[in-house]
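*Asks:* Sharing a structure here in structure tokens format.
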Amino acid sequence: MSPNNDSIFTQELSRRTALKALFGAASAAVLFGLPARAHAAEASQETTDKLNAAQAQLDEVQAQLDSIANEYAALANKNAQTLSDIEGVQGQIDDTQEQIDTKKSELRKKRGDLSDRVAASYKSGGTNILSLLLASGSFEELVANAHYVEKINKSDRDAIEDIQTIQKELDTQKSELESQKADLEKLKDQQTAQMQDMQAKQQEVQTVLNGLSDDVKELMAQRDSEILAAAQAEEAAKKAAAAAAAANKNNSYSGGSSSGGGSYAPGTPQQNAGSGKQQAVVNACYSTPSPGLNWCAAWVTNVFRNAGVGYFGGNACDMFNAWCYSSDRSALQVGMIVADSSHSGTGTPGLLYGHVGIYVGGGIVMSNEGAITSKSLDSFIGFYGTGSGVRWGWLGGIALS
């Protein structure tokens with residue numbers, strides 16, 4: 001949800017239905033309090049045609065906005081898959097690096113053992129023929145000793161070569177994974193840019209939609225005014241005809257205005273009436289009021305500002321794309337924001353802007369849903385994770401722990 005646009009979207013989402021209902025029932029509603037025959041009055045054909053055309057154009061633009069929202073939701077889902085792929089590749093890179101570190105350690109030990117033996121051999125005079133001869137009780141023992149030394153040296157060399165080969169393979173594997181991650185990061189950036197372009201396009205369409213809505217409302221007011229004027233004229237004519245008939249029948253009245261309709265005067269119809277910083281964020285969650293329905297990101301911004309952490313603007317999907325990097329529950333910490341960039345549960349606003357809350361510990365996420373709510377993490381993910389999925393991270397990249 002956007003701190004700037006979410007409430008507008010909620011209004012616009014229901015505006016077409018409301019305007020159509022008003023369009024169909026306005027004659028009766030605006031003429032509240034007038035005589036029963038007033039329903040026969042009509043607006044001018046010109047006003048009616050203009051209103052119908054404006055309403056049709058409003059419907060067309062609203063359909064464009066709905067289409068953008070659906071496209072954005074689909075792209076957000078792809079972006080979520082890319083983020084999961086990046087997370088998975090990074091896990092493989094970390095595992096490969098651990099294997100590389102292990103093999104490097106084994107290689108250092110093997111080289112150290114070989115070096116120690118060479119040094120000891122050097123200090124003791126080496127393993128030349130003379131030393132082997134002196135150490136051997138017979139020719140057969142001399143041959144056996146020489147063969148044994150050669151086997152040890154070959155075993156060491158083979159072990160070192162094996163470790164070096166495995167290390168090279170792991171280095172190659174790590175390079176390939178890093179290249180794959182770089183490609184995914186590039187794809188993520190492209191998808192994020194596309195979503196930002198869609199948001200800009202949405203704002204342009206929204207502006208047009210707002211203008212058309214104002215036009216429709218003005219034309220509806222004009223039509224209602226014409227219907228009211230026609231109804232009042234019809235009622236006045238009726239009263240005048242009744243007064244004239246009464247005057248002709250009763251010769252005692254020589255003329256002038258009739259008092260027969262004095263009890264009613266047509267007019268305008270009546271209207272119906274953890275850490276210090278982590279704890280500060282948690283405290284601010286409980287003390288910061290809701291700024292209104294659909295303003296989830298505005299509430300998060302207010303919480304972090306009230307906690308003295310800093311000011312971070314943007315809507316929910318901005319926060320998701322910039323700061324929410326993990327879906328690993330073991331990485332979730334108190335004070336992290338928990339968000340998605342698109343979900344279907346709340347209609348167009350949710351598809352375009354997603355939702356954001358704050359993890360306060362104990363498996364609870366607090367967020368602004370019109371009122372400030374506390375939901376279990378599982379419940380939060382179950383509802384808001386239906387599209388792009390839910391992730392978490394430190395708002396502004398500031399680790400509070």
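*Asks:* What FRET efficiency, computed as 1/(1 + (r/R0)^6) with R0 = 51 Å and r the Cβ-Cβ distance, is obtained for A246 and A53, rounded to the nearest 0.05?
*Replies:* 0.65
*Asks:* Once you put a point 7 Å from the Cα of A237 and another 7 Å from the Cα of A74, both along the Cβ direction, what distance in nm separates them?
*Replies:* 5.6
*Asks:* A follow-up question, please. The stretch 311-401: which chymotrypsin sites (Phe, Trp or Tyr not before Pro) are DSSP loop and have at most 15 other beta-carbon atoms within 10 angstrom?
*Replies:* Y311
*Asks:* May I ask for the net charge around D328, where only other residues with Cβ less than 10 Å from the Cβ of D328 are counted and Lys, Arg are +1 while Asp, Glu are -1?
*Replies:* +1
*Asks:* Separation of the stretch 285-316 and the stretch 335-391 by C-alpha centroid, Å?
*Replies:* With the stretch 285-316 and the stretch 335-391 each reduced to a Cα centre, they are spaced 14 Å.
*Asks:* Going down the table (K109/K174; K104/K168; K104/K181; K104/K174; K50/K238; K103/K181), which pairs top 19 Å between alpha carbons?
*Replies:* Where the Cα-Cα span goes over 19 Å, the pairs concerned are K109/K174; K104/K181; K50/K238; K103/K181.
*Asks:* Assuming 0.36 nm per residue, please report the length gained on full extension of the stretch E169 to L187 beyond their Cα-Cα distance.
*Replies:* Once the chain is fully extended between E169 and L187, it gains 3.8 nm.
*Asks:* I've got another one for you. Taking the Cβ-Cβ separation of S330 and E60 as r and a Förster radius of 45 Å, what is the calculated FRET efficiency to the nearest 0.05?
*Replies:* Calculated transfer efficiency: 0.35.
*Asks:* Considering all alpha-carbon pairs of the stretch 166-219, what whole percent are spaced by more than 18 angstrom?
*Replies:* That fraction is 63 percent.
*Asks:* Okay, moving on. With N denoting the number of residues in the stretch 279-401, provide Rg(C-alpha) divided by 2.2 N^0.38 Å, to two decimal places.
*Replies:* 0.92
Taken together, the values in this text are just the output of simple stated rules run on the coordinates, not laboratory data. Please read these numbers as outputs of a predicted model, since none were measured by experiment. Glycine gets a Cβ as well: all are built from the backbone with ideal geometry, and neighbour counts include every protein chain shown.
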